[in-house]
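Data block below; observations after.
The values are calculated or read from the model by the stated rules, or taken from the named source; none is laboratory data. All figures in this text were calculated on a predicted structure; none of them were measured in a lab. All Cβ positions, even for glycine, are placed from backbone atoms using ideal geometry, and neighbour counts span all protein chains on display. The area values use the complete protein model at the heavy-atom level, side chains included, leaving out ligands, DNA and RNA. Shrake-Rupley method; radii C 1.70, N 1.55, O 1.52, S 1.80 Å.
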Amino acid sequence: MRTLVLLLLAVPIAAQSINDRVSAELPALVETYKTLHTAPELSTQEAKSSALVASRLRDIGYDVTERVGKYSDTEATCYGVVAVMKNGKGPTLMIRSDMDALPVEEQTGLPYASATKGVMHACGHDIHMTTLIGTAKVMASMRDKWHGTLVLIGQPAEEVVKGADAMLRDGLYERFPRPDFVIAVHENSSLAAGTIGYTPGYLMAAADSINLTIRGLGGHGAAPEKTKDPVVMASEVVLALQTLVSRENSPLDPVVVTVGSIHGGTKRNIIPDQVQLLMTVRTYKPEVRKRVLDGIARVARGVAITNGLPEERMPVFELLKGESIGATYNDPALAERLASAVSKEIGAANVIKIDPLMVSEDFSLYSLDHKIPSVMLNVGAVDPARVASGEPLPSLHSSKFAPVPDATIRTGVRTVVASAMEILR
Ligand SMILES: [Zn+2]
Ligand SMILES: [Zn+2]
């Protein structure tokens, strides 16, 4: 350690590499990470996390605005943070971290495990905030090597896909410099710490939440001929939906239709008036998304017609706008450009092209429908020995998910700084 410190001191600051600068910050960053991990806050309640991010960025010299954001469906305070550093003429780059945690009871047994019962940073947003702070510090120390404008944002409420919309709605691109490029990192629970995953094109799926109410005509369970049974119709609908994926869709376009919950009935000998199906749908392409959503409504209506339901008892299809979000799309040219810049920083063998995922994110909203090139990179967070062993690993959102802090944060900051330098150099 001492030799390392002496070595660092011996290198003139201007000649320090990105990695030297990250090394100097790493102990403090790991402490920040542990502080954040111990004190997770649920979506829309990120008061303390956002205050910590804001104060660190202000201390480094950024022009910081807090409480940026207006939710579309609630008066709740939106804890968005925007930090700006203007450094001469050049492009504007926005870097985003999310800040919210999940309703999960942590079971990692770590000394810095969550101190808040039932709430846990199980999606790595604590790592993302730490990476943002580390990036802010290193980029500020390298001001003489880049020019342009850096906008760093702490976004609340990612897990409920409301935060990006809230910040944009509150004038993120009008009150602050509008970005030419947007980047972010997200932790990955199957990649080794020290590695980066990147995906040109679609990275994450569109998610749609649907409540489908199958209506019937209830009555006595012993006299089905006097009823229209919505339990039987709901069962038919669940099976008929499967062909939307297997028969109507190209096998080359990923689609998931999951009925996660069925509600109906009160007693074994009563045929109820209605049954509700709660569903999630995952797709990538907008045209596939539309076809599948239309298909669900069509199949439900078809089953109702087959069963002789009158027009006024047709199924009710409700798309929950506030719980639905488009796909996350990485601008392919920018993704390749950043992957090549990051390869130079951490070694080409550590930069891995990965498959898209069917989970979802609200990050792509910042691209304004692909008008602003945006890229989200994945940062490996798992002990390399555990990845190599082939043992089953806890996924993101698991109560046992525990990233290795040092290597994950180091690689995260090096990656984001190398990406920022590629754009702003
Ligand atoms: Zn998550
Ligand atoms: Zn996440």
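Candidates THR258, ALA418, CYS78 compared by Cα position along the dipole of the chain: farthest toward the positive end lies ALA418, with charges placed on Cβ.
Distance from a point 7 Å along Cα→Cβ of GLU75 to each backbone N in region 161-186: keep the residues under 14 Å and list them by number. Within reach of a label on GLU75, which here means backbone N under 14 Å from a point 7 Å along Cα→Cβ, region 161-186 contributes nothing.
With axes computed from alpha carbons, what is the tilt in degrees of helix 230-246 against the longest principal axis of the chain, rounded to the nearest 10 within 0 to 90? Compared with the principal axis, the helix lies near 50 degrees.
Of the residues ALA51, GLY61, THR38, the one whose Cα sits farthest towards the positive end of the charge dipole of region 36-77 is GLY61 (charges of +1 on Lys and Arg Cβ, -1 on Asp and Glu Cβ, taken about the Cα centre).
Each Lys and Arg Cβ is given +1 and each Asp and Glu Cβ -1; about its Cα centre, region 288-360 then shows a dipole of about 160 debye.
Which whole-number value in Å² is the accessible area per residue of region 16-82, probe 1.4 Å?
On the way: 2940 Å² over 67 residues.
So region 16-82 comes to 44 Å² accessible per residue, rounded to a whole number.
Model label sites at SER340 and ARG58, defined 7 Å from Cα along the beta-carbon direction, differ in position by 4.2 nm. Overall dimensions of the chain, expressed as equivalent-ellipsoid semi-axes from the Cα gyration tensor (√(5λ), whole Å, largest first), are 46, 22, 21.
Using a cutoff of 8 angstrom between alpha carbon atoms and counting only pairs six or more residues apart, the relative contact order for region 62-140 works out to 22 percent.
Measure nothing fancy, just the Cα-based angle from helix 405-424's long axis to the longest principal axis of the chain, in degrees from 0 to 90, nearest 10. So the inclination is approximately 80 degrees. For the pair ALA385 and THR116, label points projected 7 Å from Cα toward Cβ lie 3.3 nm apart. Using the Karplus relation 6.51 cos²θ - 1.76 cosθ + 1.60 with θ = phi - 60°, the per-residue 3J(HN,Hα) values for region 281-294 come to 10, 10, 8, 10, 6, x, 5, 5, 4, 5, 4, 5, 5, 4 Hz, with x marking Gly and Pro.
Excluding same-chain neighbours fewer than eight residues apart, the lysines reachable from LYS321 by a Cα-Cα span under 28 Å are LYS70, LYS162, LYS285, LYS290, LYS371. Subtracting the Cα-Cα distance of ALA14 and VAL359 from 0.36 nm times their residue separation leaves 120.0 nm of extension gain. For the chain, the mean residue ellipticity at 222 nm estimated from helices alone is -11500 deg cm²/dmol, where every DSSP H run of n ≥ 4 contributes -39500 (n - 2.57) and the total is divided by all residues, rounded to the nearest 500. Sequentially through region 122-128, phi angles give Karplus couplings (6.51, -1.76, 1.60; θ = phi - 60°) of 9, 10, x, 5, 5, 5, 5 Hz, Gly and Pro residues having no value and appearing as x.
Explain nothing, just the number: dipole magnitude of the chain about its Cα centre with +1 on each Lys and Arg Cβ and -1 on each Asp and Glu Cβ, in debye rounded to the nearest 20. All intermediate terms of the calculation are to be shown ahead of the outcome.
Values: 43 positive and 47 negative charges, 98 e Å.
I would put it at about 480 debye.
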